[in-house]
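Student: Structure below; questions to follow.
The values are calculated or read from the model by the stated rules, or taken from the named source; none is laboratory data. What you see is a predicted model, and the numbers here were worked out from it, not measured in a lab. Cβ atoms come from the backbone with ideal geometry, glycine included; neighbour counts cover every protein chain shown.
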Amino acid sequence: MHNYRMQKSLFDYRTHYEYLKIKLSPQNKGREAKAQFSEFLRIQPAFLSQILAQKYSLSLEQADLANQYFDHSTEESDFFIFQVSRDRAGTKSLRQYYDQQILSILKKRLLVVERMGRKATHHSNWRQRAIQNLLKQDDRDLHFSGVYSLDKKTADKIKEEFMEFLKYRLKNIESSK
């Protein structure tokens, strides 16, 4: 049986706290991850622990350093800065403003662009609803979206593994009724 645990991206996390907890976990980055990250941000490890406990947020300057540490793309950097800004916001209207900025990035990511200059399509109804649901903090919802370019051999292998996974999971679902 295959291990089907998928690596989440920054865009899968609702807050910068959740993202940092996973990225800096010993399973993900090794035992020294928090110490290395603290040193890179020029903060005490104890202060990082307070951030991970959501007692404090990163400053925007620290968020910028975190973007460098994690080697975020421009889009990831914007998203992370918006998350930190939203999590730091002191008013509802400011949090809503940053939620809209985050939503805008997520919407752009959900656009499906066909290759070779063909027209872009946007499945607005269900995709927009999915984006709105991502902003709700309901762990009962499951969302997955991605666009990849693969060679035929790899695509066929992934398809085969995915079908195997679904067959296995459907057996579990059937037996739970």
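Student: Of everything in segment 15-60 that's assigned to a loop (DSSP other than H, G, I, E, B) and modelled with pLDDT under 90, which residue is nearest to the chain's Cα centre (by Cα)?
Tutor: Ser25
Student: Still on this model: With respect to Glu39, determine if the residue is without any contact (Cβ under 8 Å) to a residue 40 or more places away in the chain and more than 14 Å from Arg88 (Cβ to Cβ). Lay out the reasoning, then the answer.
Tutor: Details: without any contact (Cβ under 8 Å) to a residue 40 or more places away in the chain: yes; more than 14 Å from Arg88 (Cβ to Cβ): yes.
Here the answer is yes, as Glu39 does meet what is asked.
Student: Regarding Asp87, is this residue free of Cβ contacts under 8 Å to residues at least 60 places away in the same chain and assigned by TED's automatic domain parsing to the domain that holds Lys21?
Tutor: On the way: free of Cβ contacts under 8 Å to residues at least 60 places away in the same chain: no; assigned by TED's automatic domain parsing to the domain that holds Lys21: yes.
Spelling it out, it is not the case that Asp87 is free of Cβ contacts under 8 Å to residues at least 60 places away in the same chain and assigned by TED's automatic domain parsing to the domain that holds Lys21.
Student: Going by the conditions given, is Ile81 modelled with pLDDT of 95 or more, surrounded by 11 or more Cβ atoms within 10 Å (Cβ to Cβ), not in a helix (DSSP H, G or I) and not assigned by TED's automatic domain parsing to the domain that holds Glu161?
Tutor: When the stated conditions are applied, Ile81 does not pass them.
Student: Same structure again: Name the residue that is surrounded by the most Cβ atoms within 10 Å (Cβ to Cβ), counting only residues in segment 61-78 that are assigned to a helix (DSSP H, G or I) and in contact with a Leu (Cβ under 8 Å, 6 or more places away or on another chain).
Tutor: Ala66
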